[in-house]
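A short write-up of the structure that comes next.
The values are calculated or read from the model by the stated rules, or taken from the named source; none is laboratory data. Since the model is a prediction, treat every value here as computed from it, not as a measurement. Ideal geometry is used to build each Cβ from the backbone, glycine not excepted, and the neighbour counts take in all protein chains shown. What goes into the accessible areas is simple: the full protein's heavy atoms, side chains included, and nothing from ligands, DNA or RNA. Shrake-Rupley method; radii C 1.70, N 1.55, O 1.52, S 1.80 Å.
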Amino acid sequence: MSLPLIESLDTLIVDLPTIRPHKLAMHTMQQQTLVILRLRCSDGIEGVGEATTIGGLAYAGESPESIKTNIDTYFAPLLIGQPAGNINAAMLRIDRSVRANTFARSAVETALLDAQGKRLGLPVAELLGGRVRDGLEVAWTLASGDTAKDIDEAERMLDLRRHRVFKLKIGSREAALDIAHVAAIKRALGDRASVRVDVNQAWSEAVAIRACQALGDAGVDLIEQPIPRQDVLAQARVSARSPAPIMADEAIESVEDSFNLARGGAAPVFALKIAKNGGPRAVLRSAYIAEAAGIGLYGGTMLEGSIGTLASAHAFATLSKLEWHTELFGPLLLTEDILVDVPVYRDFELKIPTTPGLGVTLDEERLQRFSRR
Ligand code: MUC
Ligand code: MG
């Protein structure tokens, strides 16, 4: 039997409404935009992947439009005609001709894994060596911008048994106002919930040193990316003085960044994101670097839809330690899905599919309805 070859790559930009505005330090989301990749193979199997960022170019160096153009123009010609079942060889071909572009790479690597999983009858977690857990605890982000609304939302999530870990997006206003907002939420929730913050790089080192102390005193469990990503030494200094552990997020834009941060002692916790490392296999390389350096792991999100979320979940399910759990709630921020069966969230966890590949089926009608023309 001849080896199946990659026949085509098709990308679609899909705009989906959110349940409410989602306010981050650098951007307020009113909707979410996904790039969906369909990779078709000569054996009739199709793999799907997703590349999603936040706020166009507000968060990272790739936008939905650049991801689509770069896959169509540069990735597709490298892959068409190549063996579909050799993911190492396909990604090596991309490595030789493409710099950076980890979001686009992640969509491609995900689609190749989905196709190969379907071909072999294995879920992606099993293709990656096997799951050591069937579900992942999922944090919820409170980001309405309003303290009372955020407390109501957290209470609702606790009642529903959907989330008991809350991440608060801060950094768009004066630190003192943010600290009062966070402390009020922690007071209201008490020991019923873990409260964490994400500053999305908004503070200077001087502001961060005082603010991290106050957040630690208020009972915050984890402080994500308080200062800009570039300066590893500054991140290490803030981390050394903070009573609450610091998590690196934007600081990791590649597997090599993970190594440099680990070597520089920049943070005791890493946020793992498939989009920032180049896919579900690539993110595991960052995870293994962190593991070897004694750094705690957290399964992060770029607020992907269901495909990117489940691709992340399959990878994170294989990790021996994931002590800070995950924030794979992207699909819950959207009012619509483009899958026939939506991901299952129950008892504070996202369940990891057990069917071949990612375990997803596209809803063609909805995909067409929400695709940008
Ligand atoms: C980020 O910076 O972590 C993840 C959750 C959320 O609300 O925003 C994202 C991005
Ligand atoms: Mg973050």
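Add -39500 (n - 2.57) for each DSSP H run of 4 or more in the chain, then divide by its residues: what number comes out at 222 nm, to the nearest 500 deg cm²/dmol?
Working: 14 runs with 140 residues, N = 373.
Helix-only estimate at 222 nm: -11000 deg cm²/dmol.
Comparing Q235, Q32, Q82 in a Gaussian network model of the chain (Cα springs below 10 Å), the most mobile by mean-square fluctuation is Q82.
Working from the Cα coordinates of region 231-373, the gyration tensor eigenvalues give, after taking √(5λ), semi-axes of 31, 15, 14 Å in decreasing order. Ignoring ligands, DNA and RNA, please state the percent of accessible area on the chain from carbon and sulfur, probe 1.4 Å. Answer for the chain is 52 percent, counting heavy atoms of protein chains only.
At a threshold of 8 angstrom on Cα-Cα distance, excluding pairs fewer than six apart, so keeping six or more, what relative contact order does the chain reach in percent? Numbers along the way, then the final one.
Working: 842 pairs, mean separation 76.2, N = 373.
The normalised contact order for the chain reaches 20 percent.
Listed by chain and number, the lysines whose C-alpha is less than 21 Å from the C-alpha of K186, apart from same-chain residues fewer than 8 away, are K23, K149, K167, K169. Under a 1.4 Å probe, what is the accessible area of the chain per residue, stated in Å²? Here the per-residue accessible area is 38 Å².
GluC sites (Glu not before Pro), restricted to region 160-268: which are DSSP loop and have at most 13 other Cβ atoms within 10 Å? Walk me through the numbers before you get to the answer.
On the way: sites: E174, E205, E224, E250, E253, E256; in loops: E174, E250, E253.
Listed in order of number, the matching sites are E174.
Taking a straight Cα-Cα cut-off under 28 Å and skipping sequence neighbours fewer than 8 places away in the same chain, the lysines within cross-link reach of K118 are K68, K273, K276, K321, K351.
Measuring with a 1.4 angstrom probe and ignoring ligands and nucleic acids, E365 comes out at about 110 Å² accessible.
Highest GNM mean-square fluctuation, the chain, Cα pairs closer than 10 Å: which of L297, L37, L322? Comparing L297, L37, L322 in the GNM, the peak value goes to L322. Our compactness index for region 219-279, the C-alpha radius of gyration over the empirical 2.2 N^0.38 Å, is 1.04.
Mean-square fluctuations from a GNM of the chain, with a 10 angstrom spring cutoff on Cα atoms, peak among G330, G44, G145 at G44.
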